[in-house]
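Contents: one structure, followed by commentary.
Where a number appears in this text, it was derived from the coordinates with a stated rule and is not lab data. Since the model is a prediction, treat every value here as computed from it, not as a measurement. As a convention, Cβ positions derive from the backbone with ideal geometry for all residues, glycine included, and neighbour counts pool all protein chains shown.
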């Protein structure tokens, strides 16, 4: 990967003011994610229809849209779970996402939180974070791996960020729904990704938890790039910098929250019910 | 500074010591002394008319059961910990057994019924020379390498294609079942060159020692016991490593494992191949002790029994499946003498009862169901 070129640019603050350590990811043209003309169909149903989207490094992008608009399918394409029938998907300038498997894409720096919280229920909260932590994740190094002090510290810090320090030794299966959401967010953070995809991260959280999530995501933007898919419009309004509206598999509108709220088409299909 | 309160396991000190708790090591030591010292002495040193004497019958039976226990342990690694139910582990066991059997057949030398260079079954088929795949099997170490390589390679290739195609759950189980069944049919054929339905038997010696001598039998017993104790520690080392936690994570939420950056293919392939190799070694230890190997070891029923031992003992506990294999087989050897025709019913009933009332098996019972799900 074009490290030589990339490194020079790290020293320049990117025009947005965001500084993202693009280890392996070439973000020399500001964009970290490029989706171009993506189409996916399942048994004739077009889940994505010529979808194009560019996300800049360090951005916090919210993606909204009615059910079936293709939000989750879009994440599936980005993370390698679904191969598009047409179109291209690039992570930075160089990484063609349509050619890699899920673990490779995760290793390249894209973390994903699922709509339904997916954690290792039989493992303790601590072990969940340990497994997610950035490391050499091939078989032999994993067999030999031992936790050193800095790694413990990192896990402890993340535990504090996600407010689960007191629960560290408990099996993750015993956590509440909202806590599992947080744990999964913590696991994604432990991967030290450049790009975080968060699918309905505050579903099932209490108001207080939702508020804290909003603070967390806003604080992460800049250091990371976040794409948040949410139904909760209040939440989106609270955190959004830029909003993309999906409808029937393609982008209906894009802009600031106010622009979106005033867009007549958007009001018609989504907001104006 | 963030306290050690949440740190899961003691990690100070050498990794080896931390494998078992203090109590665990004491039990392990007691088991080792019983199997490796007390039992051999009671058999070899105590006179046959003494009440304490251990008879040949028990040496063979317990030796055999320890081989089964090793198989159950291997099954636990792939099924209990990784969640992949194999119904074909009998095949790997039999392949290890056949590899050892080839060496034992060649060690018979001219002492067979036909006093030929070739084993009796080849003379009977009017074969003039060994088929190519019997080359070098008169060397013990070559045969020992085959014991590891044949089950290992087969498992590796089969596993690679099956796991790469993301074949899971019951589909994987059925394919493994079909694989062992097809192999059984292949080995039943005389033309395959492994003695057809009679398999290999009438062994005379191993490494020059007469195979029926009490000392040889006890040596095999002790080697089997050492292997079992060794594999227990190896298993413990694996499941307490980070890799072990990845394996259980694959069992519980494979997608999360993938999106965390681990490729489940290679982790499954590793434990699957290792499990097959352990089975092969168990088979190789089994054959000289029971004195026969034939294709019925590959019958689907045998592989299903392995799964039952593991379930009865308690999946995901390592020591449980060892106890399960012992309990079920002791029961079997008593039952098949007392009520031979009802054994399969009893086994089926046992499986149903354990599944219903003891989901964590005997090990769960011993632990007082502390870890109820």
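Just to be sure before I move on: is residue B:275 under 19 Å from residue B:241 (Cβ atoms) and more than 14 Å from chain A (Cβ to nearest Cβ) in the structure I sent? Yes.
Residue check, residue A:252 against (1) in a helix (DSSP H, G or I); (2) within 23 Å of residue A:49 (Cα to Cα), all met but one. Which one? Of everything listed in (1) in a helix (DSSP H, G or I); (2) within 23 Å of residue A:49 (Cα to Cα), residue A:252 misses just condition (1). Restricting the search to helices (runs of 4 or more DSSP H) fully inside the range B:245-320 and requiring at least 3 residues that are in contact with a strand residue (DSSP E or B) (Cβ under 8 Å, 6 or more places away or on another chain) and buried (at least 21 other Cβ atoms within 10 Å of the Cβ) gives B:264-290. Counting just the residues of the range B:14-48 that are out of contact with any helix residue (DSSP H, G or I) (no Cβ under 9 Å at 6 or more places or on another chain) and over 30 Å from residue B:213 (Cα atoms), which one comes out farthest from the other protein chains (Cβ to nearest Cβ)? Looking at the filtered set, the residue picked out is B:26.
Would it be correct to say that residue B:241 is more than 14 Å from every other protein chain (Cβ to nearest Cβ) and either crowded, with 24+ Cβ neighbours inside 10 Å or farther than 20 Å from residue A:107 by Cα (or both)? It is false that residue B:241 is more than 14 Å from every other protein chain (Cβ to nearest Cβ) and either crowded, with 24+ Cβ neighbours inside 10 Å or farther than 20 Å from residue A:107 by Cα (or both).
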